[in-house]
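Undergrad: First, the structure itself, so that you have it in front of you.
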Amino acid sequence: MENIDYPMQTLAEPFRIKMVEPIRMTSLEYREKALKEAGYNPFLLSSEDGFIDLLTDSGTGAMSQAQWAGMMLADEGYAGAKSWIKLEKVVKELTSMPFVLPTHQGRAAERILYGILGGRDKVFLSNTHFDTTRANIEYSGATALDLMPDEIMENDKFLPFKGNIDLIKLENSINQIGNNNIAAIVLTVTNNSSGGQPVSMSNAKAVRKICDQNNILMVIDGCRIAENAYFIKHRESGFENYSYKEIAQEMLALGDAFIMSAKKDGLVNMGGLLCIKDESLSKKCMNQLIISEGFITYGGLSGRDMEAMAVGLEEVFDESYLHYRIRSTAYLGEKLHTKGVPVIWPIGGHAVYVDAHRLFPGIPVDQYPGQVLVCELYRIGGIRCVEVGSVMFGKYDDHGRLIPAAQELVRLAIPRRVYTQSHIDYVLEVFDHIMKNTSINTGYKIIDESPFLRHFTAKFQKIDNNGNT
Ligand code: F0G
(Lines give C-alpha, C1' and ligand atoms only; values in the text may rest on other atoms or scores of the structure.)
Protein backbone atom coordinates (compact mmCIF):
# COMPACT_ATOMS: atom_id res chain seq x y z
CA MET A 1 0.00 0.00 0.00
CA GLU A 2 0.99 3.59 -0.47
CA ASN A 3 2.27 5.32 2.67
CA ILE A 4 1.06 8.91 2.45
CA ASP A 5 3.05 11.41 4.51
CA TYR A 6 1.41 14.36 6.23
CA PRO A 7 3.98 17.18 6.31
CA MET A 8 1.72 19.90 7.77
CA GLN A 9 0.35 20.18 11.28
CA THR A 10 -3.06 21.49 10.23
CA LEU A 11 -5.54 18.70 9.93
CA ALA A 12 -7.30 19.41 6.65
CA GLU A 13 -10.38 17.27 6.08
CA PRO A 14 -9.80 14.90 3.11
CA PHE A 15 -13.07 15.91 1.46
CA ARG A 16 -14.79 19.06 0.30
CA ILE A 17 -18.38 19.94 1.03
CA LYS A 18 -20.94 19.53 -1.73
CA MET A 19 -24.17 19.81 0.23
CA VAL A 20 -24.77 21.72 3.46
CA GLU A 21 -27.14 21.24 6.37
CA PRO A 22 -27.77 24.46 8.32
CA ILE A 23 -27.37 24.33 12.10
CA ARG A 24 -28.49 27.13 14.37
CA MET A 25 -27.35 28.66 17.59
CA THR A 26 -30.02 29.43 20.19
CA SER A 27 -30.07 31.79 23.19
CA LEU A 28 -28.99 30.77 26.67
CA GLU A 29 -32.55 31.32 27.88
CA TYR A 30 -33.93 29.07 25.16
CA ARG A 31 -31.51 26.27 26.00
CA GLU A 32 -32.20 26.48 29.73
CA LYS A 33 -35.91 26.14 29.05
CA ALA A 34 -35.42 23.29 26.55
CA LEU A 35 -33.19 21.44 29.00
CA LYS A 36 -35.71 21.75 31.81
CA GLU A 37 -38.51 20.53 29.55
CA ALA A 38 -36.36 17.55 28.54
CA GLY A 39 -35.99 16.53 32.20
CA TYR A 40 -32.28 17.44 31.98
CA ASN A 41 -31.72 14.51 29.64
CA PRO A 42 -30.25 15.53 26.25
CA PHE A 43 -31.65 12.35 24.66
CA LEU A 44 -35.07 13.98 25.12
CA LEU A 45 -34.08 17.24 23.43
CA SER A 46 -35.03 17.94 19.86
CA SER A 47 -31.91 17.61 17.70
CA GLU A 48 -32.71 20.98 16.10
CA ASP A 49 -32.19 22.64 19.48
CA GLY A 50 -28.51 21.72 19.57
CA PHE A 51 -25.62 23.39 17.76
CA ILE A 52 -22.97 20.65 17.79
CA ASP A 53 -24.26 17.11 18.27
CA LEU A 54 -21.70 14.83 19.89
CA LEU A 55 -24.29 12.49 21.39
CA THR A 56 -23.08 9.57 19.29
CA ASP A 57 -20.98 8.58 16.31
CA SER A 58 -23.65 5.99 15.47
CA GLY A 59 -25.60 6.57 12.28
CA THR A 60 -24.75 10.26 12.39
CA GLY A 61 -22.04 10.29 9.72
CA ALA A 62 -22.16 11.89 6.29
CA MET A 63 -22.23 9.55 3.32
CA SER A 64 -20.00 10.04 0.31
CA GLN A 65 -20.98 10.79 -3.27
CA ALA A 66 -20.20 7.17 -4.13
CA GLN A 67 -22.62 5.94 -1.47
CA TRP A 68 -25.41 8.25 -2.64
CA ALA A 69 -24.77 7.29 -6.25
CA GLY A 70 -24.91 3.61 -5.26
CA MET A 71 -28.29 4.17 -3.60
CA MET A 72 -29.74 5.38 -6.89
CA LEU A 73 -28.69 2.13 -8.53
CA ALA A 74 -29.93 -0.10 -5.72
CA ASP A 75 -32.09 -3.16 -6.29
CA GLU A 76 -35.14 -3.39 -4.03
CA GLY A 77 -35.97 -7.01 -4.92
CA TYR A 78 -37.36 -8.89 -1.92
CA ALA A 79 -35.12 -11.91 -2.43
CA GLY A 80 -31.62 -12.11 -3.91
CA ALA A 81 -31.37 -8.40 -4.78
CA LYS A 82 -28.14 -7.43 -6.51
CA SER A 83 -27.45 -4.92 -3.72
CA TRP A 84 -27.52 -7.84 -1.28
CA ILE A 85 -25.19 -9.91 -3.44
CA LYS A 86 -22.77 -6.98 -3.56
CA LEU A 87 -22.92 -6.45 0.20
CA GLU A 88 -22.53 -10.15 0.97
CA LYS A 89 -19.41 -10.33 -1.22
CA VAL A 90 -17.79 -7.33 0.51
CA VAL A 91 -18.61 -8.70 3.97
CA LYS A 92 -17.40 -12.24 3.22
CA GLU A 93 -14.14 -10.86 1.89
CA LEU A 94 -13.69 -8.76 5.02
CA THR A 95 -14.70 -11.35 7.61
CA SER A 96 -13.95 -14.69 5.92
CA MET A 97 -17.22 -15.89 7.50
CA PRO A 98 -19.48 -17.95 5.22
CA PHE A 99 -22.85 -16.92 6.70
CA VAL A 100 -23.83 -13.24 6.56
CA LEU A 101 -27.12 -12.01 8.01
CA PRO A 102 -28.18 -8.40 7.43
CA THR A 103 -30.00 -6.69 10.32
CA HIS A 104 -31.44 -3.24 10.76
CA GLN A 105 -28.80 -2.32 13.34
CA GLY A 106 -26.29 -3.82 15.76
CA ARG A 107 -28.65 -4.57 18.62
CA ALA A 108 -30.92 -6.62 16.34
CA ALA A 109 -27.93 -8.87 15.61
CA GLU A 110 -27.23 -8.98 19.36
CA ARG A 111 -30.79 -9.92 20.21
CA ILE A 112 -30.76 -12.76 17.69
CA LEU A 113 -27.36 -14.21 18.62
CA TYR A 114 -27.45 -13.67 22.39
CA GLY A 115 -31.09 -14.77 22.56
CA ILE A 116 -29.98 -18.12 21.12
CA LEU A 117 -26.72 -18.46 23.08
CA GLY A 118 -27.98 -16.96 26.34
CA GLY A 119 -30.52 -18.03 28.92
CA ARG A 120 -30.45 -18.66 32.65
CA ASP A 121 -27.17 -20.05 34.06
CA LYS A 122 -25.21 -18.83 31.04
CA VAL A 123 -22.37 -16.35 31.40
CA PHE A 124 -20.80 -14.07 28.80
CA LEU A 125 -17.27 -12.73 29.31
CA SER A 126 -16.02 -9.59 27.61
CA ASN A 127 -13.43 -6.82 27.74
CA THR A 128 -16.51 -4.58 28.19
CA HIS A 129 -20.05 -5.31 27.10
CA PHE A 130 -21.57 -2.28 25.39
CA ASP A 131 -24.84 -1.23 27.06
CA THR A 132 -27.13 -2.79 24.40
CA THR A 133 -24.98 -5.93 24.45
CA ARG A 134 -25.34 -6.23 28.21
CA ALA A 135 -29.07 -5.47 28.00
CA ASN A 136 -29.67 -8.18 25.38
CA ILE A 137 -27.64 -10.71 27.37
CA GLU A 138 -29.36 -9.89 30.66
CA TYR A 139 -32.75 -9.88 28.97
CA SER A 140 -32.10 -13.51 27.93
CA GLY A 141 -31.55 -14.33 31.61
CA ALA A 142 -27.76 -14.69 31.29
CA THR A 143 -25.00 -12.82 33.13
CA ALA A 144 -22.47 -10.46 31.53
CA LEU A 145 -19.05 -10.04 33.15
CA ASP A 146 -16.60 -7.32 32.15
CA LEU A 147 -12.95 -8.33 32.53
CA MET A 148 -10.83 -5.24 32.14
CA PRO A 149 -7.26 -4.95 33.36
CA ASP A 150 -7.11 -2.91 36.61
CA GLU A 151 -4.58 -0.51 35.12
CA ILE A 152 -7.04 0.85 32.61
CA MET A 153 -8.67 2.66 35.52
CA GLU A 154 -5.56 4.85 35.64
CA ASN A 155 -6.91 7.43 33.24
CA ASP A 156 -3.64 9.34 32.85
CA LYS A 157 -1.48 6.36 32.06
CA PHE A 158 -0.48 5.84 28.43
CA LEU A 159 -1.02 2.24 27.42
CA PRO A 160 -1.24 1.49 23.70
CA PHE A 161 -4.08 -1.05 24.00
CA LYS A 162 -6.24 -0.08 26.93
CA GLY A 163 -9.20 -1.85 25.31
CA ASN A 164 -7.74 -5.34 25.84
CA ILE A 165 -9.45 -8.04 27.85
CA ASP A 166 -7.49 -9.11 30.94
CA LEU A 167 -6.24 -12.59 30.04
CA ILE A 168 -5.55 -13.67 33.62
CA LYS A 169 -9.02 -12.63 34.76
CA LEU A 170 -10.39 -14.42 31.72
CA GLU A 171 -8.69 -17.73 32.54
CA ASN A 172 -9.62 -17.45 36.21
CA SER A 173 -13.27 -16.80 35.32
CA ILE A 174 -13.36 -19.81 32.99
CA ASN A 175 -11.91 -21.99 35.75
CA GLN A 176 -14.43 -20.73 38.28
CA ILE A 177 -17.53 -20.77 36.08
CA GLY A 178 -16.73 -23.87 34.02
CA ASN A 179 -16.55 -23.70 30.25
CA ASN A 180 -19.93 -25.42 29.79
CA ASN A 181 -21.69 -22.46 31.36
CA ILE A 182 -19.90 -19.86 29.28
CA ALA A 183 -22.01 -18.87 26.30
CA ALA A 184 -19.30 -16.84 24.57
CA ILE A 185 -16.39 -14.48 24.95
CA VAL A 186 -17.28 -11.14 23.37
CA LEU A 187 -14.39 -8.95 22.31
CA THR A 188 -15.60 -5.38 21.78
CA VAL A 189 -13.33 -3.70 19.23
CA THR A 190 -12.66 -0.84 19.88
CA ASN A 191 -13.80 -0.91 23.46
CA ASN A 192 -16.55 1.70 23.41
CA SER A 193 -17.61 1.73 27.07
CA SER A 194 -14.07 1.94 28.32
CA GLY A 195 -12.84 4.98 26.45
CA GLY A 196 -13.02 3.88 22.81
CA GLN A 197 -9.66 2.23 23.37
CA PRO A 198 -8.18 -0.28 20.92
CA VAL A 199 -7.64 -4.02 21.32
CA SER A 200 -4.30 -5.42 20.14
CA MET A 201 -3.97 -8.25 17.67
CA SER A 202 -1.96 -10.24 20.19
CA ASN A 203 -4.78 -9.91 22.73
CA ALA A 204 -7.33 -11.11 20.16
CA LYS A 205 -5.06 -14.04 19.23
CA ALA A 206 -4.68 -14.99 22.89
CA VAL A 207 -8.48 -14.97 23.29
CA ARG A 208 -8.76 -17.25 20.24
CA LYS A 209 -6.30 -19.66 21.83
CA ILE A 210 -8.19 -19.68 25.13
CA CYS A 211 -11.45 -20.29 23.25
CA ASP A 212 -9.87 -23.24 21.40
CA GLN A 213 -8.47 -24.75 24.59
CA ASN A 214 -11.83 -24.48 26.37
CA ASN A 215 -14.21 -25.02 23.48
CA ILE A 216 -15.83 -21.59 23.88
CA LEU A 217 -17.35 -19.44 21.12
CA MET A 218 -15.50 -16.20 20.29
CA VAL A 219 -17.65 -13.26 19.17
CA ILE A 220 -16.12 -10.05 17.86
CA ASP A 221 -18.31 -6.99 18.34
CA GLY A 222 -16.44 -5.00 15.73
CA CYS A 223 -18.45 -1.94 14.81
CA ARG A 224 -15.25 0.13 14.96
CA ILE A 225 -12.95 -2.49 13.44
CA ALA A 226 -11.35 -0.05 10.95
CA GLU A 227 -10.53 2.47 13.69
CA ASN A 228 -9.02 -0.36 15.71
CA ALA A 229 -6.91 -1.39 12.70
CA TYR A 230 -5.47 2.13 12.58
CA PHE A 231 -4.16 1.79 16.12
CA ILE A 232 -2.70 -1.66 15.44
CA LYS A 233 -0.81 -0.42 12.39
CA HIS A 234 0.66 2.51 14.30
CA ARG A 235 1.17 0.93 17.73
CA GLU A 236 1.71 -2.83 17.43
CA SER A 237 4.99 -4.08 16.03
CA GLY A 238 4.81 -6.31 12.99
CA PHE A 239 1.88 -4.51 11.36
CA GLU A 240 3.66 -1.42 9.98
CA ASN A 241 3.46 -2.64 6.40
CA TYR A 242 -0.05 -4.07 6.50
CA SER A 243 -2.96 -2.16 5.04
CA TYR A 244 -5.76 -1.26 7.46
CA LYS A 245 -8.05 -3.70 5.71
CA GLU A 246 -5.54 -6.55 5.98
CA ILE A 247 -5.32 -5.93 9.72
CA ALA A 248 -9.10 -5.98 10.07
CA GLN A 249 -9.29 -9.17 8.00
CA GLU A 250 -6.69 -10.86 10.18
CA MET A 251 -8.54 -9.94 13.37
CA LEU A 252 -12.02 -10.88 12.11
CA ALA A 253 -10.76 -14.26 10.89
CA LEU A 254 -10.07 -15.11 14.54
CA GLY A 255 -13.74 -14.97 15.56
CA ASP A 256 -16.50 -17.57 15.35
CA ALA A 257 -19.04 -14.78 14.93
CA PHE A 258 -18.92 -11.09 14.11
CA ILE A 259 -21.52 -8.53 15.11
CA MET A 260 -21.44 -5.12 13.56
CA SER A 261 -23.48 -2.02 13.96
CA ALA A 262 -22.74 -0.66 10.48
CA LYS A 263 -23.81 2.77 11.74
CA LYS A 264 -20.20 3.25 12.79
CA ASP A 265 -17.45 1.93 10.50
CA GLY A 266 -20.00 0.85 7.89
CA LEU A 267 -20.34 4.61 7.24
CA VAL A 268 -24.13 4.37 6.95
CA ASN A 269 -27.02 5.92 8.84
CA MET A 270 -28.73 2.58 9.46
CA GLY A 271 -27.66 -1.04 9.24
CA GLY A 272 -26.13 -4.00 10.99
CA LEU A 273 -24.56 -7.39 10.36
CA LEU A 274 -24.37 -10.79 12.00
CA CYS A 275 -21.71 -13.05 10.49
CA ILE A 276 -21.22 -16.64 11.57
CA LYS A 277 -18.79 -19.47 10.83
CA ASP A 278 -20.85 -22.43 11.99
CA GLU A 279 -23.67 -23.59 9.74
CA SER A 280 -26.02 -24.96 12.38
CA LEU A 281 -25.77 -21.82 14.53
CA SER A 282 -26.34 -19.71 11.42
CA LYS A 283 -29.53 -21.66 10.63
CA LYS A 284 -30.94 -20.95 14.09
CA CYS A 285 -30.08 -17.29 13.67
CA MET A 286 -31.66 -17.15 10.21
CA ASN A 287 -34.94 -18.46 11.62
CA GLN A 288 -34.94 -15.64 14.14
CA LEU A 289 -33.96 -13.17 11.43
CA ILE A 290 -36.92 -14.11 9.28
CA ILE A 291 -39.36 -13.88 12.19
CA SER A 292 -38.20 -10.52 13.44
CA GLU A 293 -36.13 -8.64 10.84
CA GLY A 294 -36.91 -9.86 7.34
CA PHE A 295 -35.93 -12.40 4.70
CA ILE A 296 -32.31 -13.58 4.79
CA THR A 297 -31.25 -11.45 1.83
CA TYR A 298 -32.32 -8.13 3.29
CA GLY A 299 -32.84 -8.57 7.03
CA GLY A 300 -34.01 -5.22 8.24
CA LEU A 301 -32.61 -3.26 5.31
CA SER A 302 -33.75 -1.78 2.03
CA GLY A 303 -31.68 -2.39 -1.10
CA ARG A 304 -30.34 1.16 -0.95
CA ASP A 305 -29.20 0.68 2.66
CA MET A 306 -27.27 -2.43 1.61
CA GLU A 307 -25.75 -0.67 -1.39
CA ALA A 308 -24.55 2.22 0.80
CA MET A 309 -23.11 -0.20 3.33
CA ALA A 310 -21.22 -2.18 0.67
CA VAL A 311 -19.54 1.05 -0.46
CA GLY A 312 -19.01 2.32 3.11
CA LEU A 313 -17.25 -0.86 4.19
CA GLU A 314 -14.65 -0.27 1.46
CA GLU A 315 -14.30 3.51 1.96
CA VAL A 316 -13.71 3.21 5.68
CA PHE A 317 -10.31 1.60 5.07
CA ASP A 318 -9.11 4.48 2.88
CA GLU A 319 -5.82 5.66 4.30
CA SER A 320 -6.53 9.42 4.12
CA TYR A 321 -9.95 8.92 5.66
CA LEU A 322 -8.72 6.87 8.61
CA HIS A 323 -5.80 9.20 9.29
CA TYR A 324 -8.15 12.19 9.36
CA ARG A 325 -10.70 10.29 11.44
CA ILE A 326 -8.34 9.24 14.22
CA ARG A 327 -6.34 12.48 14.22
CA SER A 328 -9.44 14.67 14.38
CA THR A 329 -10.67 12.86 17.49
CA ALA A 330 -7.18 13.18 18.97
CA TYR A 331 -7.12 16.90 18.10
CA LEU A 332 -10.06 17.53 20.42
CA GLY A 333 -8.76 15.25 23.16
CA GLU A 334 -5.20 16.51 23.13
CA LYS A 335 -6.30 20.16 23.23
CA LEU A 336 -8.66 19.43 26.16
CA HIS A 337 -5.82 17.65 27.94
CA THR A 338 -3.58 20.72 27.48
CA LYS A 339 -6.29 22.89 29.01
CA GLY A 340 -6.29 20.69 32.10
CA VAL A 341 -9.60 18.95 31.39
CA PRO A 342 -9.24 15.40 32.78
CA VAL A 343 -9.64 13.03 29.84
CA ILE A 344 -9.02 9.31 29.38
CA TRP A 345 -5.50 9.08 28.01
CA PRO A 346 -4.50 8.25 25.33
CA ILE A 347 -7.42 9.45 23.22
CA GLY A 348 -9.49 6.63 21.67
CA GLY A 349 -10.84 6.31 18.14
CA HIS A 350 -14.36 7.65 17.97
CA ALA A 351 -14.74 9.81 21.04
CA VAL A 352 -13.10 11.78 23.81
CA TYR A 353 -14.05 10.73 27.35
CA VAL A 354 -13.95 13.35 30.09
CA ASP A 355 -13.64 12.27 33.73
CA ALA A 356 -16.48 14.34 35.20
CA HIS A 357 -15.80 13.21 38.76
CA ARG A 358 -12.32 14.69 38.58
CA LEU A 359 -13.58 17.80 36.82
CA PHE A 360 -16.25 18.45 39.48
CA PRO A 361 -14.78 16.85 42.62
CA GLY A 362 -17.41 18.49 44.84
CA ILE A 363 -20.39 16.71 43.30
CA PRO A 364 -21.29 13.42 45.05
CA VAL A 365 -21.43 10.41 42.76
CA ASP A 366 -25.09 9.82 43.60
CA GLN A 367 -25.82 13.27 42.18
CA TYR A 368 -24.32 12.25 38.85
CA PRO A 369 -21.38 14.58 38.04
CA GLY A 370 -21.37 13.29 34.45
CA GLN A 371 -24.95 14.45 33.98
CA VAL A 372 -23.94 17.88 35.31
CA LEU A 373 -21.23 18.19 32.65
CA VAL A 374 -23.59 16.97 29.93
CA CYS A 375 -26.15 19.61 30.91
CA GLU A 376 -23.56 22.38 31.26
CA LEU A 377 -22.17 21.70 27.78
CA TYR A 378 -25.65 22.04 26.36
CA ARG A 379 -26.59 25.04 28.46
CA ILE A 380 -23.45 27.02 27.72
CA GLY A 381 -22.69 25.98 24.15
CA GLY A 382 -25.57 24.00 22.66
CA ILE A 383 -23.37 20.87 22.62
CA ARG A 384 -25.06 17.53 23.07
CA CYS A 385 -23.20 14.52 24.49
CA VAL A 386 -23.81 11.52 26.73
CA GLU A 387 -23.02 10.48 30.29
CA VAL A 388 -21.19 7.15 30.55
CA GLY A 389 -21.19 6.70 34.30
CA SER A 390 -23.68 5.95 37.03
CA VAL A 391 -26.66 7.15 35.01
CA MET A 392 -25.81 4.61 32.31
CA PHE A 393 -24.39 1.78 34.43
CA GLY A 394 -25.47 2.46 38.02
CA LYS A 395 -27.53 -0.18 39.83
CA TYR A 396 -29.34 -0.19 43.18
CA ASP A 397 -28.67 -2.37 46.21
CA ASP A 398 -31.48 -4.00 48.23
CA HIS A 399 -31.92 -0.77 50.21
CA GLY A 400 -32.34 1.30 47.07
CA ARG A 401 -28.90 2.87 47.41
CA LEU A 402 -26.92 3.54 44.26
CA ILE A 403 -24.12 1.12 43.38
CA PRO A 404 -22.14 3.53 41.24
CA ALA A 405 -20.37 2.75 37.96
CA ALA A 406 -16.60 2.34 38.02
CA GLN A 407 -16.12 5.82 36.55
CA GLU A 408 -18.17 8.98 35.96
CA LEU A 409 -17.37 9.75 32.34
CA VAL A 410 -18.85 11.96 29.66
CA ARG A 411 -18.42 10.97 26.05
CA LEU A 412 -17.93 13.46 23.26
CA ALA A 413 -18.48 11.22 20.23
CA ILE A 414 -17.41 12.54 16.86
CA PRO A 415 -19.73 11.82 13.91
CA ARG A 416 -17.81 10.72 10.81
CA ARG A 417 -17.12 13.34 8.11
CA VAL A 418 -19.61 15.82 9.62
CA TYR A 419 -17.85 18.53 11.61
CA THR A 420 -14.83 20.58 10.60
CA GLN A 421 -11.89 21.61 12.70
CA SER A 422 -13.51 24.98 13.44
CA HIS A 423 -16.53 23.23 14.95
CA ILE A 424 -14.12 21.39 17.21
CA ASP A 425 -12.37 24.68 18.10
CA TYR A 426 -15.80 25.95 19.13
CA VAL A 427 -16.22 22.95 21.46
CA LEU A 428 -12.83 23.73 22.98
CA GLU A 429 -13.91 27.32 23.65
CA VAL A 430 -17.06 26.09 25.43
CA PHE A 431 -14.79 24.05 27.71
CA ASP A 432 -12.91 27.26 28.60
CA HIS A 433 -16.18 28.47 30.11
CA ILE A 434 -16.82 25.18 31.90
CA MET A 435 -13.34 25.31 33.42
CA LYS A 436 -14.14 28.68 35.04
CA ASN A 437 -16.70 27.05 37.33
CA THR A 438 -15.58 23.63 38.47
CA SER A 439 -16.56 24.26 42.09
CA ILE A 440 -20.20 23.27 41.48
CA ASN A 441 -21.10 20.86 44.28
CA THR A 442 -24.64 19.74 43.62
CA GLY A 443 -26.08 17.69 40.79
CA TYR A 444 -29.25 15.86 39.89
CA LYS A 445 -31.74 13.34 41.24
CA ILE A 446 -33.41 10.77 38.97
CA ILE A 447 -37.19 11.14 39.18
CA ASP A 448 -38.25 8.72 36.45
CA GLU A 449 -36.42 5.71 34.97
CA SER A 450 -36.95 2.41 33.15
CA PRO A 451 -35.45 -0.95 34.22
CA PHE A 452 -33.29 -1.41 31.09
CA LEU A 453 -31.05 1.21 29.43
CA ARG A 454 -32.42 3.89 31.73
CA HIS A 455 -30.11 6.63 30.44
CA PHE A 456 -32.13 6.97 27.25
CA THR A 457 -35.35 8.07 28.90
CA ALA A 458 -34.58 8.94 32.55
CA LYS A 459 -35.77 12.31 33.83
CA PHE A 460 -33.87 14.37 36.37
CA GLN A 461 -34.45 17.17 38.83
CA LYS A 462 -31.83 19.67 39.93
CA ILE A 463 -30.65 19.53 43.54
CA ASP A 464 -29.98 22.90 45.16
CA ASN A 465 -27.28 23.84 47.69
CA ASN A 466 -29.53 22.77 50.59
CA GLY A 467 -30.00 19.31 49.09
CA ASN A 468 -33.58 20.02 47.95
CA THR A 469 -35.03 19.43 44.51
N1 F0G B 1 -21.81 -2.64 20.13
C2 F0G B 1 -21.12 -1.52 20.31
C3 F0G B 1 -19.68 -1.61 20.71
C4 F0G B 1 -21.72 -0.28 20.13
O5 F0G B 1 -21.00 0.83 20.31
C6 F0G B 1 -23.08 -0.23 19.75
C7 F0G B 1 -23.78 1.05 19.58
C8 F0G B 1 -23.77 -1.43 19.56
C9 F0G B 1 -23.10 -2.62 19.76
C10 F0G B 1 -25.24 -1.45 19.18
O11 F0G B 1 -25.41 -1.05 17.87
O12 F0G B 1 -26.79 1.06 18.01
O13 F0G B 1 -26.57 -0.23 15.89
O14 F0G B 1 -27.89 -1.13 17.75
N15 F0G B 1 -23.35 2.14 20.00
C16 F0G B 1 -23.96 3.44 19.86
C17 F0G B 1 -23.14 4.45 20.62
C18 F0G B 1 -25.40 3.50 20.19
O19 F0G B 1 -23.60 5.59 20.75
O20 F0G B 1 -22.03 4.14 21.04
P21 F0G B 1 -26.73 -0.29 17.36
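The values are calculated or read from the model by the stated rules, or taken from the named source; none is laboratory data. Nothing here was measured: the structure is a model prediction, and the numbers come from that model. Here the Cβ positions follow ideal geometry from the backbone for every residue, glycine too, while neighbour counts run over all protein chains shown. With ligands, DNA and RNA removed, areas are computed over all heavy atoms of the protein, side chains included. Shrake-Rupley method; radii C 1.70, N 1.55, O 1.52, S 1.80 Å.
Undergrad: For the stretch 418-469, what does the alpha-carbon gyration tensor say about shape, rounded, prolate or oblate, given a ≥ b ≥ c as the root eigenvalues, a/c under 1.5 as rounded, and a/b over b/c as prolate?
TA: In terms of gyration-tensor shape, oblate.
Undergrad: Taking the stretch 41-125, which GluC sites (Glu not before Pro) meet the DSSP loop condition and have no more than 16 other C-beta atoms within 10 Å?
TA: Glu76
Undergrad: Right, here's the next one. Could you give the C-alpha radius of gyration of the stretch 133-229 expressed as a fraction of 2.2 N^0.38 Å, taking N as the number of residues it contains?
TA: Ratio of Rg to 2.2 N^0.38 Å for the stretch 133-229: 1.06.
Undergrad: Using only alpha carbon positions, build the gyration tensor of the stretch 181-304, then give the equivalent ellipsoid semi-axes as the square roots of 5 times its eigenvalues, largest first, whole angstrom.
TA: 26, 19, 12
Undergrad: Here's a follow-up. I'd like to check one number: the per residue accessible area of the stretch 66-315, probe 1.4 Å, reported in Å² as a whole number.
TA: 37 Å²
Undergrad: Ignoring ligands, DNA and RNA, how do Phe51, Phe295 rank by accessible area with a 1.4 Å probe, largest first?
TA: Descending order: Phe295, Phe51.
Undergrad: Given the pairs Lys122/Lys395; Lys339/Lys395; Lys86/Lys277, which are separated by over 23 angstrom at their Cα positions?
TA: Lys339/Lys395
Undergrad: Please compute the modelled spin-label separation between Phe452 and Ile4, points set 7 Å along Cα→Cβ, answer in nm with one decimal.
TA: Using points 7 Å along Cα→Cβ, the separation is 4.2 nm.
Undergrad: Still on this structure: At 222 nm, what helix-only mean residue ellipticity would the chain give, in deg cm²/dmol to the nearest 500, using -39500 (n - 2.57) for each DSSP H run of four or more?
TA: -12000 deg cm²/dmol
Undergrad: State which entries of Lys33/Lys462; Lys264/Lys462; Lys92/Lys263; Lys89/Lys162 exceed 25 angstrom in Cα-Cα distance in the structure shown.
TA: Exceeds cut-off: Lys264/Lys462; Lys89/Lys162.
Undergrad: Charges only on Cβ, +1 for Lys and Arg, -1 for Asp and Glu: so what's the dipole of the chain about the Cα centre, in debye to the nearest 20?
TA: Around 380 debye, computed over the chain.
Undergrad: For the chain, compute Rg over Rh where Rg is the Cα radius of gyration and Rh is the Kirkwood radius from the inverse mean 1/r over Cα pairs.
TA: Dividing the radius of gyration by the Kirkwood radius yields 0.95.
Undergrad: Rounded, prolate or oblate: which fits the stretch 206-272 when a ≥ b ≥ c are the square roots of the eigenvalues of the alpha-carbon gyration tensor, with rounded for a/c under 1.5 and prolate only if a/b beats b/c?
TA: Verdict is oblate for the stretch 206-272.
Undergrad: Restricted to Cα positions, what overall size does the stretch 66-315 have along the principal axes? Three whole-Å values, descending.
TA: Over the stretch 66-315, Cα extents along the principal axes are 50, 43, 28 Å.
Undergrad: Ignoring ligands, DNA and RNA, what percent of the 1.4 Å accessible area of the stretch 66-315 is carbon and sulfur?
TA: 52 percent
Undergrad: Which percent of Cα pairs goes in each bin when the distances of the stretch 313-469 are cut into 10 angstrom slices starting at zero?
TA: 10, 38, 31, 16, 4, 0
Undergrad: Could you tell me the calculated FRET efficiency between Lys89 and Leu167, based on Cβ-Cβ distance and R0 = 30 angstrom, to the nearest 0.05?
TA: Step by step, r from the Cβ atoms, then E = 0.30.
Undergrad: For the stretch 386-462 and the stretch 123-185, what is the separation of their C-alpha centers, rounded to whole Å?
TA: 23 Å
Undergrad: Oh, and also: Work the Kirkwood hydrodynamic radius out for the stretch 1-96: mean of 1/r over every pair of different alpha-carbon atoms, inverted, in Å.
TA: One over the average 1/r among Cα pairs gives 18.4 Å for the stretch 1-96.
Undergrad: Ordering Ser47, Ser194 from largest to smallest accessible area (1.4 angstrom probe), what's the sequence?
TA: Ser47, Ser194
Undergrad: Let me know the longest stretch in the chain that avoids all trypsin sites (Lys or Arg not before Pro) found in a DSSP loop with at most 14 other C-beta atoms within 10 Å.
TA: Counting at most 14 other Cβ atoms within 10 Å as exposed, the longest clean stretch of the chain is 158-338.
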